[in-house]
Amino acid sequence: MGVFVKVEVNPEKCKEAEKLVEICPVDIFAVKDGKVVVVEENEDECTFCNLCVQYCPEGVKYTKLY
Amino acid sequence: MRLYEYESKMLLEKYGIPLPKRILVKTPEEAAKAVEELGGKAVIKAQVLTGGRGKAGGIKIANSPEEAKKLTEEILKMKINDFPVVAVLVEELLNIDKELFLACTYDEVAKQRIMLISDAGGVDINEVVEKDPSRVYREWFNPFYGMMAFKAKKMADFLKLPKDADRALQSVIMRLYNLAVDYDTTLAEINPLVLTKDGKIVAADAHIEIEDDAMYRQQQRLEGMGIHDRPSTPREPTEFEKLAEENDMSDHRGVAGRAIDFGGSLGCIIGAGGGSLTTFDAILRYGGNPANYCEVGGNPPVKKVYGLAKLVLSKPGVKGLLVCHNVYSNSRVDLVARGVIKAMLDLGINPAEYPVVYRGAGAFEEDGYAILRKYGVRYYDRRLGMDQAAKLAVEMLKLIEEKEKEGKSLEEAQKEVAQYIKTEEFVKKVLGEEVAKKVLEGL
C-alpha cells in the first residue's frame, strides 16, 4: 500500500481493464485474471493526473494520505 | 574529452605545426635511452590529464641519461590533482627567445570560434587577462567564412615578431584553426608557443579538448591514431556512485543521480537546474563538509528520488541532510518529498527526529509541504534562498558535531539538533532577525 496515496479500483465497474492500464502514465494498474488490480508498489507514483477517474468515474478513487 | 599532451601533439603534427623532437616513454630505462638519443639533455614531462603539472613538479630538466632515469622514476609515481601520470614525454630542449600563447576555443556568447594570442606565454592566460588585458588579442571567426588569411595576419602582427617568424606564426594560427574545426575541439591551446633564438616557431606544449557531444563522429578517427575515449574523472567510480548511477538509469524520467562521493557528513539531495553546483559551492564556502554531490531534476518518479535518498541517508558518515530544490529543477515538490520521506521511513528513521534542512519550491508545493508537515519536518519555501539553506545546513552539522564532542551519542545529538533547528532562535542566529522573520512568516 502507498504511503502517500491510496488508489482503489472496483473491477466490476471498470470492465475494460487493459484500457485503464494503458491510460495510467505511472503504471498503477495491472491486469490479473482478466480483472484490473492496483499495483501497490507504484501507488506512491500517482501524480493526480485524474485520467483514470475520467475514464472510469464510478470505479476508481484515489485518496491523499496526508 | 581531454587529450594528453603527447596525443595533442600527434594532432598538431598531423596539421604540420612545428614541434620539438620528442619520445614517449613508460619506464625510467626508456627515458634514459631517449635522452641519449636527444643529445644527452632533455625535458622530462609528465603525461597527465590535468593542468598545473609544472607547479606540481611534473616537468623537469634532465642533464644526463642517468638523471633522466631518476627523474622519470619519480614522475611516474606522481599523482597530480588525483590524476595518475601514465607516461613521460622526453623532449629536446629548445633555445627559447620568447614564450607566446595561442589558443582556439569557442565563445558561447558570440556563438563563434574565437582565437586568442598573447606575448605572455608559459603562464596561466587567465592571470594575464586579469592583470593586463591589453596583452591578449582576440579574433572571432564566423563559421560560414571560417579562417581567412587576413585574420591570421592581424593576429600575428599583434605580437610584432620579426618578418620570418611572423609568417611562420600566421601559418601556425591557420593550421591550429583548421585542426580545431576538423576535430570539434572545445579547446586547442599551445602554451607556450615558442619563438626560438634562431627565429623558429615551435609548439612546446599543447592542450586539446574534444567536445564530448561530437565524440560520435570523432571517435573512429581518434581510435585510428591510438587515442581512446576515456572518463573525465581521475578515479574509478565508488560503490556509492555506481549505485546512484544505477538508480538514475532505472527509469528514463527525470534525473535523480549524477552523484559524486565525498567523505563528509552532510548528505545532499539537491536539484535546481544548475543550482546544484552553486548550492554545493555555498556549502563549501560556509565551511561545510558534504557527503556527496548529486542532481535531481526534470521531475523524476518517486522511486528514483527514494533510491537516491536511501543511498545518501545510509552513506557511512552522514549525520544530517540538506534537501534543496528550486523552481528550475522542474520537479514536483510533492514527488520529491514523497521520495525523501519514504526513504527515511524505510531506513527506520523518524523524519521528525532527524536533522534536515528542507527547502523546496515549485509545482505542487502545497502538497509537498503537507507531506513534510505530517511527518514533522521543518520546511522552507522559496523565500529562503538556496545559499541561505546551505548556511543553515552547515550550521546544523556544526551543532551535531559540537554535541558529539560534548560526549553525546550521534543519535542523541541528531535528535536534539533536529528539534533545535525547527526553532525561530536557530534561524535568527544563523541568518539574522530580519531574514528569519521573512522566511518563517506563515510557515
Exercise. What nm distance separates the two modelled labels at residue B:419 and residue B:93, each placed 7 Å from Cα along Cα→Cβ?
Worked result: 7.3 nm
Exercise. Which entries in B:319/B:408; B:26/B:69; B:98/B:151; B:14/B:111; B:342/B:438 show an alpha-carbon gap greater than 20 Å?
Worked result: B:98/B:151; B:14/B:111; B:342/B:438
Problem set entry | Dmax and Rg, reported as Rg then Dmax, of segment B:261-336 (C-alpha, Å) | 11.7, 33
Exercise. Contour minus end-to-end for residue B:148 and residue B:281, with contour as 0.36 nm per residue of separation and end-to-end as the Cα-Cα distance?
Worked result: 43.7 nm
Problem set entry | Estimated vicinal HN-Hα couplings, Hz - segment B:429-436 in sequence order (Karplus 6.51, -1.76, 1.60; Gly, Pro = x) | 5, 7, 10, x, 5, 5, 5, 4
Seminar exercise, completed: Restricted to pairs 8 or more residues apart or on different chains, the lysines in segment B:155-309 with C-alpha atoms under 18 Å apart form a number of pairs equal to 6
Exercise. Seen from all sides and averaged, what is the projected area of the convex hull of the Cα atoms in segment B:160-251, in nm²?
Worked result: 9.0 nm²
Problem set entry | Selected from B:440, B:420, B:388, residue furthest toward positive end of dipole (segment B:369-443; charges at beta carbon) | B:440
For this session: Could you tell me the largest-minus-smallest coordinate of the C-alpha atoms of segment B:239-440 on each of the three principal axes, in descending order and whole angstroms?
Result: 44, 35, 32
Exercise. Among the lysines, which have Cα under 27 Å from the Cα of residue A:13 when same-chain residues fewer than 8 positions away are ignored?
Worked result: A:32, A:35, A:61, A:64
For this session: Count the net charge of all other residues whose Cβ sits under 11 Å from the Cβ of residue B:59, scoring Lys and Arg as +1 and Asp and Glu as -1.
Result: +1
Problem set entry | Interatomic Cα distance distribution for the protein assembly as shown, bins of 10 angstrom, percent | 4, 15, 20, 17, 17, 15, 9, 4, 1, 0
Problem set entry | Label point distance in nm, residue B:109-residue B:437, each placed 7 Å from Cα along Cα→Cβ | 4.0 nm
Seminar exercise, completed: segment B:332-440: spread of alpha-carbon positions along the three principal axes, whole Å, largest first, is 42, 38, 19
Exercise. Helix-derived [θ] at 222 nm for chain B: sum -39500 (n - 2.57) over DSSP H runs of at least 4, divide by residue count, nearest 500?
Worked result: -12500 deg cm²/dmol
Problem set entry | Dimensions in Å of segment B:1-152 - Rg and Dmax from alpha carbons | 17.8, 54
Exercise. So, in Å, what gap is there between the alpha-carbon centers of segment B:298-334 and segment B:20-78?
Worked result: 47 Å
For this session: Using only the alpha-carbon atoms of segment B:220-348, report the extent along each of the three principal axes, biggest first, to the nearest angstrom.
Result: 53, 33, 28
Exercise. Using a simple charge model, +1 on the beta-carbon of Lys and Arg, -1 on the beta-carbon of Asp and Glu, nothing else, what dipole does the protein assembly as shown show about its Cα centre, in debye to the nearest 20?
Worked result: 780 debye
For this session: Might you report the magnitude of the Cβ-based charge dipole of chain B about its Cα centre, with Lys and Arg at +1 and Asp and Glu at -1, to the nearest 20 debye?
Result: 440 debye
Exercise. Which value results when the Cα radius of gyration for chain B is divided by 2.2 N^0.38 Å?
Worked result: 1.22
Exercise. Hey, rough spin-label estimate for residue B:406 and residue B:86, points 7 angstrom out along Cα→Cβ, what's it come to in nanometres?
Worked result: 5.3 nm
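Laboratory data are not the source of any read-out in this text; all were calculated from the coordinates shown. Keep in mind that this is a model prediction, so the values were computed, not measured. Glycine gets a Cβ as well: all are built from the backbone with ideal geometry, and neighbour counts include every protein chain shown.
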